[in-house]
Amino acid sequence: MTLHRRRSTKDVKIATPTPPRGARSAHPRRNSARTALVGTPLLIIGVALAAVNLRPAVTSLASLLEQVRGSVGASHAWASALTALPVVCFGAAGILAPRLNRRFGIARAVGGALALLTAGLVIRVLDGPAVVLGGTLLACAGIALGNVLLPVVIKQSYPHRLGVVTGIYMGAVSGGGAIGAALTPRLHSALEDWRLSLGAWAVLAAAAVVLWSISARHADSTTVEPPKPRRSLLRNRLAWTVTVFFGLQALVAYVIMGWLPEMLVEAGVDRATAGLYLGICTLFGVPTGLLFPPLAVRLRSQSALISTLTAIGGLGLVGLLIAPAAAPLAWSLLAGVGMGVFPLAITVLALRTDDPADTAALSAMAQSFGYLIAACGPFLFGLLRGTTGSWTASLILALAVTAAQTVVGWSAGRPRTV
């Protein structure tokens, strides 16, 4: 072992043994998980295109749910399970994200997630009910990994532009969901085949894989940062508050994304228009995603903003409950404003932590346990509809969750860190 001499602490952070002569790589594999991606303008575009792909797999299917169910000869229980499956998968697959980040580095982890999403979008249109479920499972596993890892990319690579880049990311997520909901029924009308209409979204996902492979590269570094001791947040009260808040807002959001078109169709709206209304509802996340994260970063507390948006979304649910046919567009718009809480939930993950390691840990916890909480929503919503024959009990359940979200969201928005 050769000791390093005449090196000050400015040269290296940790004195290490001299590597063997054959080890000449300037980018040791073990460093890739601990170096940030280079924060170039091209990387922002790569993040945005990746984010655009995190919702069409869900909203495109919701807009054609009845046609798909009828075509494959599946039951209403299958449809309820299909609407809940993405959220279950988000929770389960999100647990793996930090491990993949440590093992392969965040560039490869995100690239693999986008490739998995692309494969799932292709597979799910190839056969019957089981294949639709399996392909959706794969696609949503890729989405789940992206949900956890992309906020970490933003926190690491753009620490001084956190609000702006988070706004771009959230606007892209919402825009992708809106395009998926609004465009898919029109693709179906033109192509007259739900398989082609849903499978077409794999092209957009494949484009994201290509751009990510070009734009994502780790910073050059030959020093090894001392690893921060990993700590569990499972006993941290604030971490659980953020997790429950994340789960409740996701529950309401995926109820709306999964079932709004069916509710509107039963209220007398034609299916193409119902898909358009879901697109408009989801599109509301673009301005909220662009405006609210930068605003939230400047605010000492995000509680009032979270509670106000949640209450507005609750008004949309009340309208769907009392008079769905009276103003379906207005109820969709109000529900869309309520879904603007999601960009704030993502921002809160960064604001309630002090460094990227804690951000990754809290993001994984909130999105894994939170989405498992949320998975109950779409399934129970559809099950109550099938059992009672109306949407009344389902919407009352959604309103109760919205009330709880208001209370927990207020607490999650208070200025503290885990």
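The values are calculated or read from the model by the stated rules, or taken from the named source; none is laboratory data. Quick caveat: nothing in here was measured; it's all calculated off a predicted structure. FYI the Cβ positions are ideal-geometry reconstructions off the backbone, even for glycines, and counts take in every protein chain you see. To get the accessible areas, we keep the full protein, side chains included, count just its heavy atoms, and leave off ligands, DNA and RNA. Shrake-Rupley method; radii C 1.70, N 1.55, O 1.52, S 1.80 Å.
Remark on the chain: ratio of C-alpha radius of gyration to 2.2 N^0.38 Å is 1.01.
Only helices enter this figure: runs of n ≥ 4 DSSP H residues, each worth -39500 (n - 2.57), summed and divided by the residues of the chain, yield -24500 deg cm²/dmol at 222 nm to the nearest 500.
Rounded, prolate or oblate: which fits region 136-197, taking a ≥ b ≥ c as square roots of the Cα gyration tensor eigenvalues, rounded meaning a/c under 1.5, else prolate when a/b beats b/c? Working shown, then result.
Numbers: a/c = 5.44, a/b = 2.08, b/c = 2.62.
Verdict is oblate for region 136-197.
Once the Cα atoms are used to define both axes, helix 162-191 deviates from the longest principal axis of the chain by about 40 degrees.
Carbon and sulfur: what percent of the chain's accessible surface (1.4 Å probe)?
Working: 11630 of 17760 Å².
Of the solvent-accessible surface of the chain, carbon and sulfur hold 65 percent.
Reported to the nearest whole Å, the Cα centre-to-centre distance from region 47-106 to region 317-354 is 20.
Annotation: cysteines of the chain without a disulfide-compatible partner (Cβ-Cβ under 4.7 angstrom) are 281, 376.
Which is the longest part of the chain that has none of the trypsin sites (Lys or Arg not before Pro) sitting in a DSSP loop with at most 14 other Cβ atoms within 10 Å? The answer is 25-229.
Could you give the angle, 0 to 90 degrees to the nearest 10, between helix 201-215's Cα long axis and the longest principal axis of the Cα atoms of the chain? So the inclination is approximately 20 degrees. Per residue, the accessible area of the chain comes to 42 Å² when a 1.4 Å probe rolls over the protein heavy atoms.
In degrees between 0 and 90, to the nearest 10, how far off the longest principal axis of the chain does helix 341-351 point, with axes built from Cα atoms? Tilt of helix 341-351: around 20 degrees.
Region 229-262 and region 173-212 have Cα centres spaced 27 Å apart.
For region 175-320, just say rounded, prolate or oblate: build the C-alpha gyration tensor, square-root its eigenvalues into a ≥ b ≥ c, call rounded for a/c under 1.5, and beyond that prolate if a/b exceeds b/c, oblate if not. Intermediate values should be presented prior to the final figure.
Working: a/c = 2.41, a/b = 1.31, b/c = 1.85.
Oblate, since a/c reaches 1.5 and b/c is not below a/b.
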